[in-house]
Amino acid sequence: MGVWCAHMDQSIKKKIIRRLQIVEGQIRGLNKMVEREDYCIDIISQSLAARSALSGVEDLMLRNHLQSHVVEQMKSGNVKKATEEIVHVYKLSKGK
């Protein structure tokens, strides 16, 4: 786990919380759809929507990380660490 070295941008934090609340509702809806044995394609569509919302959370977290943590590392002269973190996030996004 990484070290927290800067605060989360409050506007990004609000957006993330809102998206997570949406995902939470989508997951509850998915559970009900499965319990009711709804049409498979409808369940898959809802699942894809939840996945897309989670991807949006990841995008916002990455934006926050780059704007705060990575910038702070670069300002403090720790370019190597900043570069390593960017590469690490890239690898995570590629499933490596």
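The values are calculated or read from the model by the stated rules, or taken from the named source; none is laboratory data. Given the structure is predicted, the values throughout are model-derived calculations rather than measurements. Every residue, glycine as well, gets a Cβ built from its backbone with ideal geometry; the counts of neighbours run over all protein chains shown.
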Glu72 being exposed (fewer than 14 other Cβ atoms within 10 Å of the Cβ) and in contact (Cβ under 8 Å) with a residue 40 or more places away in the chain: yes
Restricting the range 1-21 to residues that are closer than 13 Å to His65 by Cα, of a type outside the set (A, V, I, L, M, F, W, C) and surrounded by fewer than 12 Cβ atoms within 10 Å (Cβ to Cβ), the residue that is modelled with the lowest pLDDT: Gly2
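Listed here are the residues, each with its yes/no results for (1) of a type in the set (S, T, N, Q); (2) at pLDDT 90 or above; (3) surrounded by fewer than 14 Cβ atoms within 10 Å (Cβ to Cβ).
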position	(1), (2), (3)
Val23	no, yes, no
Asn31	yes, yes, yes
Tyr39	no, yes, yes
Leu48	no, yes, yes
His65	no, no, no
Ser68	yes, no, no
Val87	no, no, yes
Exclusive hit being within 19 Å of Leu92 (Cα to Cα), free of Cβ contacts under 8 Å to residues at least 24 places away in the same chain and either assigned to a helix (DSSP H, G or I) or of a type outside the set (Gly, Ala, Ser) (or both), set Ser55, Ser11, Ser47: Ser55
Enumeration of residues in the range 59-96 that are at positive phi and within 21 Å of the chain's Cα centre (by Cα): Gly95
Count of residues meeting criterion [more than 30 Å from Lys81 (Cα to Cα), within 14 Å of the chain's Cα centre (by Cα) and basic (Lys, Arg)] in the range 3-49: 1
